[in-house]
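First comes the structure, then the notes that go with it.
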Amino acid sequence: KVLSARAHYTKMAAEDVHVPQAVADLANASTPDSLKNIRACKRCGILKTFNQFYDDGCENCPFLEMRDDADKCNNYTSAFYEGACAVMTPNESWAAKWLRIDQYLPGVYALSITGQFDRDTEEELENRGIRWRCR
């Protein structure tokens, strides 16, 4: 009886609880799902595994079109980065402002990244009017 009552209470509580939008947004925060093969987006610095970039692309840089394209995932991300900063509310975080990621989505970001876009990619992004400065 104790377990069924607890299960019933949990079900009722889940149905009656209003989740603030900020908390709901955190449910979609991007975090690496493994400690192996972590890469950083060269433009925004978000950290994800290669497979996550391949499956989902970069949430902050959808115009890089990395989803389902292994070559773009390799060209637009780097395995060479230093440090990590988890940011829950980028627009309110002093660390996010310092890292210049305060306009991006919640997630885990590299502090610095080694690597640049190739010249063709830079020109293409400039022609499309997209700010491309690598971190």
>> If the requirement is being among the hydrophobic types (A, V, I, L, M, F, W, C), open to solvent by less than 70 Å² (accessible area, probe 1.4 Å), touching a strand residue (DSSP E or B) at 6+ places or on another chain (Cβ under 8 Å) and more than 17 Å from residue 35 (Cα to Cα), which of these qualifies: 96, 110, 79, 84?
In response: 96
> Can you list the strands (runs of 3 or more DSSP E) found entirely within the range 26-121 that contain at least 2 residues being of a type in the set (A, V, I, L, M, F, W, C)?
Replying inline: 38-41, 81-87, 107-113
> Consider residue 90 against the criteria (1) open to solvent by 90 Å² or more (accessible area, probe 1.4 Å); (2) touching a residue at least 12 places away in the same chain (Cβ under 8 Å): it satisfies all of them except one. Which criterion is unmet?
Replying inline: (1)
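The values are calculated or read from the model by the stated rules, or taken from the named source; none is laboratory data. Note that the structure is predicted; figures quoted are calculated from it, not measured. Here the Cβ is made from the backbone with ideal geometry for all residues, glycine too, and neighbour counts use every protein chain on show. In case anyone asks, the SASA skips ligands and DNA or RNA and just uses the protein heavy atoms, side chains included. Shrake-Rupley method; radii C 1.70, N 1.55, O 1.52, S 1.80 Å.
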